[in-house]
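Novice: This is the structure I want to talk about, given as structure tokens.
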Amino acid sequence: MFYGTAVWDPWLIVAQIVCFQCLYYLTLGIFTAILVGTRVSRMSLVYFFDYATVTASTVTGWCVIASFILTSLAGAGYLLYLIERSKKCLDFSATFYIIHLLICIIYGGWPSSITWWVVNVTGLAVMALLSEYLCIRRELHEIPISRFRSRSVSEEKANEDLNEQIPLYRLDNTV
């Protein structure tokens, strides 16, 4: 599909947002289980959505911060394959973090920790910039057009030899 001829499809956009949210939280769960799960006795959603767990004063808090930053790096890769357009990367990244903020407000109240804000703004910047960079690199790849190239000299010679071997008949059945 050509990018300029695509029509606005709200269902596709909603599906991409939902898919991206699910992939992000799945990856965050994996990183949190690896980094935080070894330090705490019981894992819960508090490490995803409560601003109090994102702190620089404990080792567990640093593990939560690392989980969010690593997941932002993975999110850039998800945007590369889900969105595929560099001009949409900032929109989808910002949309994700706005939805994440709303979920955090519902779960634990307004985030009053400056660390939470720094981590999430950093995650937004990392995700948006890295995904734009990756998408631009993909968009700038040359399009292979090998089937449209002119034939090589050896292919043309082979075709001439083949044409000499096969007699061509005209409509009046003469050679």
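The values are calculated or read from the model by the stated rules, or taken from the named source; none is laboratory data. Keep in mind that this is a model prediction, so the values were computed, not measured. Glycine gets a Cβ as well: all are built from the backbone with ideal geometry, and neighbour counts include every protein chain shown.
Novice: Applying the selection to segment 134-143, what residues are touching a helix residue (DSSP H, G or I) at 6+ places or on another chain (Cβ under 8 Å) and not acidic (Asp, Glu)?
Specialist: The answer is 134, 135, 136, 138.
Novice: (1) surrounded by fewer than 16 Cβ atoms within 10 Å (Cβ to Cβ); (2) farther than 20 Å from residue 131 by Cβ: which one isn't true of residue 104, the others all being true?
Specialist: Unmet condition: (1).
Novice: Say we look at segment 60-90 and pick out the residues that are touching a residue at least 60 places away in the same chain (Cβ under 8 Å) and assigned to a loop (DSSP other than H, G, I, E, B); which of these is surrounded by the most Cβ atoms within 10 Å (Cβ to Cβ)?
Specialist: Within segment 60-90, the match that is surrounded by the most Cβ atoms within 10 Å (Cβ to Cβ) is 83.
Novice: Within segment 28-59, how many residues are over 24 Å from residue 110 (Cα atoms) and outside any loop (DSSP other than H, G, I, E, B)?
Specialist: 5
Conditions tested, residue by residue: (1) in a helix (DSSP H, G or I); (2) touching a Lys or Arg at 6+ places or on another chain (Cβ under 8 Å); (3) within 20 Å of residue 19 (Cβ to Cβ).
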site	(1), (2), (3)
105	yes, no, no
111	no, no, no
115	yes, no, no
119	yes, no, no
127	yes, no, yes
134	yes, no, yes
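Novice: Here's something else I'd like to know. Which one of 41, 67, 112 is more than 26 Å from residue 137 (Cα to Cα), touching a Leu at 6+ places or on another chain (Cβ under 8 Å) and among the polar types (S, T, N, Q)?
Specialist: 67
Novice: Are any of the residues in segment 91-101 in a helix (DSSP H, G or I), over 16 Å from residue 18 (Cα atoms) and of a type outside the set (D, E, K, R)?
Specialist: no
Novice: Being β-branched (Val, Ile, Thr) and more than 15 Å from residue 75 (Cα to Cα) is the filter here, so list the residues in segment 110-143 that pass it.
Specialist: Within segment 110-143, 114, 115, 118, 136, 143 meet the criteria.
Novice: Here's something else I'd like to know. Quick check on this structure: which one of 121, 153 is at pLDDT 95 or above and either surrounded by 10 or more Cβ atoms within 10 Å (Cβ to Cβ) or at negative phi (or both)?
Specialist: 121
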